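Below is one structure, written out as structure tokens; comments come after it.
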Amino acid sequence: MVMTKKDFQQLANFCVGIVNDVAPVELINQMCQFCYENNPRFDSARFKEWIQRKVDGESTVGLG
């Protein structure tokens, strides 16, 4: 089964809770690699932007 945009959004929402952990950048980069391997259309920049906006309490409208 190929992951979809909704799957990636849920995964990004999960990452919001771990951003303040010891090595969040490395973990998020590894998740991006996993997502890309699952679906080559995966956009890591959009994924990371989604996480940052959620952390900052900003809207994610326009990223979905």
Give the residues of segment 26-44 that are assigned to a helix (DSSP H, G or I) and either touching a strand residue (DSSP E or B) at 6+ places or on another chain (Cβ under 6 Å) or surrounded by 11 or more Cβ atoms within 10 Å (Cβ to Cβ) (or both), sorted by residue number.
27, 28, 29, 30, 31, 32, 33, 34, 35, 36, 38, 44
Complete set of residues in segment 47-64 that are free of Cβ contacts under 8 Å to residues at least 12 places away in the same chain and either in contact with a Ser or Thr (Cβ under 8 Å, 6 or more places away or on another chain) or part of a helix (DSSP H, G or I) (or both):
52, 53
Any hit, segment 6-18, residues being in contact with a Gly (Cβ under 9 Å, 6 or more places away or on another chain), surrounded by fewer than 15 Cβ atoms within 10 Å (Cβ to Cβ) and either touching a residue at least 40 places away in the same chain (Cβ under 8 Å) or not hydrophobic (A, V, I, L, M, F, W, C) (or both):
yes
Odd one out for residue 47 among (1) more than 8 Å from the chain's Cα centre (by Cα); (2) open to solvent by less than 50 Å² (accessible area, probe 1.4 Å):
(1)
How many residues, within segment 50-60, are within 14 Å of residue 5 (Cα to Cα) and open to solvent by 50 Å² or more (accessible area, probe 1.4 Å)?
0
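The values are calculated or read from the model by the stated rules, or taken from the named source; none is laboratory data. The structure displayed is predicted, hence computed values, not measured ones. Cβ sites come from the backbone with ideal geometry, for glycine too, and all protein chains shown count toward neighbours. Surface areas here come from the heavy atoms of the whole protein model, side chains and all, with no ligands, DNA or RNA. Shrake-Rupley method; radii C 1.70, N 1.55, O 1.52, S 1.80 Å.
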